[in-house]
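Colleague: Handing you a structure now.
The values are calculated or read from the model by the stated rules, or taken from the named source; none is laboratory data. Only a predicted model underlies this, so the values are computations on that prediction, with no experimental measurement involved. Every residue, glycine among them, receives a Cβ derived from its backbone with ideal geometry; neighbour counts consider all protein chains shown.
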């Protein structure tokens, strides 16, 4: 029985891996950019922007992710409808990516903010003292050191995001868990635990690979911290 | 490093009536001074007198409330509107050696020195590397070029930081208490490196607590007290024969320590 289930379901589950990776990667890339921008505002001097971002962030950090996904899934088409744009044809995955990107940006912002505040101010002054302009100092001193301090927290976030792609199936987006659930209901629950188990193992392997990647990256970033 | 003594003794730096306040507290109450080409100016004074703030006003790490700073043809009048570009151009005439070294901790000694040459002065990597190696050799650290700051002693880090400043060939190098964070036995190495740099004719301004070192290396000394210059002159005048009672008291306290 188990081998039979495996043979029938594993290829289909594996076929969903690229989708799961897409649901992880696109929000991560967007959030790194948007989170950086939010962070710049959050540590900056502009009061109006600061409060706008703070409200935005506290909403996304203070409400459940799944509620946000529902609100975007049901609300965004209405919002676009109001300005006479029809987005009913968009796939469910697009809403999931939008919601996750916004949510993740807020968490990335706060992680980066913590990292930025941890950068020794002397490093920034050193950059100024050798004549770095604002952008040179940002890209050559502030950003790399902020990233280095933040990398372990970012890793935790990214692992969560990878696992939380499984929530996408609640709005009908197809990925590993969505596929597993469809097969299960098609078979009226036969082999349910085996199928879910295989899905869990696939998630586990993906997370392990991500963890390895982050460990290698942080090891590389911390090479200067070793005494020999 | 240029080994040739400056032929002209023109004025490189002019500060005129510099004021600086932090909140309600006025730190600098109108400081004016001139530094000539090749001169080594030592700024003395007790803690809280404003000497470090004065130094940081020269390269605009602190922005003065008013007054003008002019370095080698670049001038900013802080009472008037000035742009970020003005500040950047002025700052690029200078380099600084910090009390706590402030080497880029994620870069090797060589990369630290190359950074300004390559990124700011737009020299090719090869050219920057060559000049950086020369500057490291000048401070006696050639064999440490691939070490990260954490792998160097405080004295070595500070010498790398001197090389980083030196390599830029700035109009002036600013030293902010360069030895006060060092273990006592490492101080002399750093002081020697600074003295060697001074002998090459580089204009320098040094904020220091070390009267003895100031006496040896400086050609001019100013004594700052409560945001004003209380006394100025040659080391013989200010350190050996101070006129102001406040300066006399300060010097005698330190000499007997």
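Colleague: Out of the residues in the range A:84-99 meeting the condition of being surrounded by 14 or more Cβ atoms within 10 Å (Cβ to Cβ) and free of Cβ contacts under 8 Å to residues at least 40 places away in the same chain, tell me which one is nearest to residue A:173 (Cα to Cα).
Modeller: We begin by selecting, within the range A:84-99, every residue surrounded by 14 or more Cβ atoms within 10 Å (Cβ to Cβ); these are A:90, A:92-99.
So of that shortlist, the ones also free of Cβ contacts under 8 Å to residues at least 40 places away in the same chain come out as A:90, A:94, A:98-99.
Values: A:90: 11, A:94: 9, A:98: 13, A:99: 13 Å.
Among those that are surrounded by 14 or more Cβ atoms within 10 Å (Cβ to Cβ) and free of Cβ contacts under 8 Å to residues at least 40 places away in the same chain, it is A:94.
Colleague: Can you say whether residue A:112 is more than 14 Å from chain B (Cβ to nearest Cβ), closer than 30 Å to residue B:164 by Cβ and either surrounded by 22 or more Cβ atoms within 10 Å (Cβ to Cβ) or modelled with pLDDT under 95 (or both), as far as the supplied structure shows? Give the derivation first.
Modeller: Numbers: more than 14 Å from chain B (Cβ to nearest Cβ): yes; closer than 30 Å to residue B:164 by Cβ: yes; either surrounded by 22 or more Cβ atoms within 10 Å (Cβ to Cβ) or modelled with pLDDT under 95 (or both): yes.
Yes; evaluated as a whole, the condition is true for this residue.
Colleague: Moving to a separate point now. Which residue out of A:139, A:132 is surrounded by fewer than 16 Cβ atoms within 10 Å (Cβ to Cβ) and within 14 Å of chain B (Cβ to nearest Cβ)? Talk me through it step by step, then tell me what you get.
Modeller: Working: A:132 fails: surrounded by fewer than 16 Cβ atoms within 10 Å (Cβ to Cβ).
Answer to the check: A:139.
Colleague: Could you check, for the range B:98-113, whether at least one of its residues is surrounded by 18 or more Cβ atoms within 10 Å (Cβ to Cβ), under 20 Å from residue B:62 (Cα atoms) and in contact with a strand residue (DSSP E or B) (Cβ under 7 Å, 6 or more places away or on another chain)?
Modeller: Yes, the range B:98-113 contains at least one residue that is surrounded by 18 or more Cβ atoms within 10 Å (Cβ to Cβ), under 20 Å from residue B:62 (Cα atoms) and in contact with a strand residue (DSSP E or B) (Cβ under 7 Å, 6 or more places away or on another chain).
Colleague: Out of the range B:115-141, which residues are away from chain A (no Cβ under 14 Å) and crowded, with 17+ Cβ neighbours inside 10 Å?
Modeller: Keep residues of the range B:115-141 that are away from chain A (no Cβ under 14 Å), which gives B:124-127, B:129-130, B:133-134, B:136-141.
Result: B:129, B:133, B:136, B:138, B:139, B:141.
Colleague: Also, quick follow-up: Just to be sure I understand, how many residues within the range A:115-129 are part of a helix (DSSP H, G or I), more than 7 Å from chain B (Cβ to nearest Cβ) and either under 18 Å from residue B:85 (Cα atoms) or touching a residue at least 12 places away in the same chain (Cβ under 8 Å) (or both)? Show your work before the answer.
Modeller: Step one: list which residues in the range A:115-129 are part of a helix (DSSP H, G or I), which gives A:115-118, A:121-129.
Those left that are additionally more than 7 Å from chain B (Cβ to nearest Cβ): A:115-118, A:121, A:124, A:127.
When the remaining residues are screened for being either under 18 Å from residue B:85 (Cα atoms) or touching a residue at least 12 places away in the same chain (Cβ under 8 Å) (or both), the result is A:115-118, A:124, A:127.
Within the range A:115-129, residues that are part of a helix (DSSP H, G or I), more than 7 Å from chain B (Cβ to nearest Cβ) and either under 18 Å from residue B:85 (Cα atoms) or touching a residue at least 12 places away in the same chain (Cβ under 8 Å) (or both) number 6.
Colleague: Of the conditions (1) closer than 21 Å to residue A:42 by Cα; (2) out of contact with any helix residue (DSSP H, G or I) (no Cβ under 8 Å at 6 or more places or on another chain), residue A:189 satisfies every one except a single condition; which number is it?
Modeller: So the condition that residue A:189 fails would be (1).
Colleague: Within the range B:69-86, which residues are touching a helix residue (DSSP H, G or I) at 6+ places or on another chain (Cβ under 9 Å), over 23 Å from residue B:206 (Cβ atoms) and within 14 Å of chain A (Cβ to nearest Cβ)?
Modeller: B:84
Colleague: Identify all residues within the range B:94-105 that are under 15 Å from residue B:56 (Cβ atoms) and either more than 7 Å from every other protein chain (Cβ to nearest Cβ) or in a loop (DSSP other than H, G, I, E, B) (or both); write none if there are none.
Modeller: Applying the first criterion (under 15 Å from residue B:56 (Cβ atoms)) to the range B:94-105 yields B:94-100, B:102.
Selection gives B:94, B:97, B:99, B:100, B:102.
Colleague: Can you pull out every residue in the range B:47-68 that is within 14 Å of chain A (Cβ to nearest Cβ) and free of Cβ contacts under 8 Å to residues at least 60 places away in the same chain?
Modeller: Step one: of the range B:47-68, the residues within 14 Å of chain A (Cβ to nearest Cβ) are B:52-53, B:55-63.
Matches in the range B:47-68: B:53, B:57, B:60, B:61, B:62, B:63.
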